[in-house]
Amino acid sequence: SQQGEEDPQALSIQEGENATMNCSYKTSINNLQWYRQNSGRGLVHLILIRSNEREKHSGRLRVTLDTSKKSSSLLITASRAADTASYFCATEPVNNAGNMLTFGGGTRLMVKP
Amino acid sequence: DGGITQSPKYLFRKEGQNVTLSCEQNLNHDAMYWYRQDPGQGLRLIYYSQIVNDFQKGDIAEGYSVSREKKESFPLTVTSAQKNPTAFYLCASSIVGANQETQYFGPGTRLLVL
């Protein structure tokens, strides 16, 4: 079952614009992570935010977490063509055995030059 | 170079045939995972293993089998019982323990049915 659901499913923007992706989940979590996947490749970890954190930054990435609404957002500022990829949120549920993650369906981002 | 490797990159399966996908890591990670990804979809967990000689079923284990005889290796066999095996298969590994939840992924194997 998919715990996280991303919105929108697809997003097309111009280079230099900001891109915002949202993730909603259903159960209480220890942390929420965002991963990036280039077409036909493996996933790469971008950023992790814990349940007691509300906002986190890493370079051009900004992640927020609202545990009361069970939602998170990923903001990519000043986007570049190289940011074109699929972005997935993944949640680690509370009382999780094995550090398992549950992935959402992803947002496909296209950044036009 | 430290990392996680998968082979082959492409694999073709005939009807009724079992095929095995390889996953190797030299990150000294205890936990390893297998995911299936269908086109335009997210990842679904097939099997995971936290320690050598032990593994657990994920959400979609039917038609698949695994072994964990060595810490570095976690091969996945797609059996003939898996009726719709065409997908992209991703292997991942992670450290087991508090505050070590990031998973590291291999490049994937694309399985196609002839």
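The values are calculated or read from the model by the stated rules, or taken from the named source; none is laboratory data. Predicted model only: the values in this text are computed from it and were never measured. Neighbour counts run over all protein chains shown; Cβ positions are idealised from the backbone, glycine included. Note: accessible area is taken over every heavy atom of the protein model, side chains too, but ligands, DNA and RNA are not part of it. Shrake-Rupley method; radii C 1.70, N 1.55, O 1.52, S 1.80 Å.
Here is how the numbers come out for the structure above:
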read-out: Inter-label distance for A:GLU17 and B:VAL52, nm, one decimal - labels placed 7 Å from Cα along Cα-to-Cβ; value: 5.3
read-out: Using a Förster distance of 30 Å, the FRET efficiency for B:LEU112-B:LEU27 (Cβ separation, nearest 0.05); value: 0.55
read-out: Under the Karplus curve 6.51 cos²θ - 1.76 cosθ + 1.60, θ = phi - 60°, whole-Hz ³J(HN,Hα) for the stretch A:41-50, x wherever Gly or Pro sits; value: 10, x, 8, 10, 5, 9, 6, 10, 10, 8
read-out: Span from the the stretch B:9-78 Cα centroid across to the the stretch A:42-113 one, whole angstrom; value: 24
read-out: Förster radius 25 Å - calculated FRET efficiency between A:ARG41 and B:LYS71, Cβ distance, rounded to 0.05; value: 0.50
read-out: Heavy-atom surface of the protein assembly as shown, accessible at 1.4 Å and reported per residue (Å²); value: 48
read-out: Tail beyond 29 Å, pair distance distribution of the protein assembly as shown (Cα, percent); value: 27
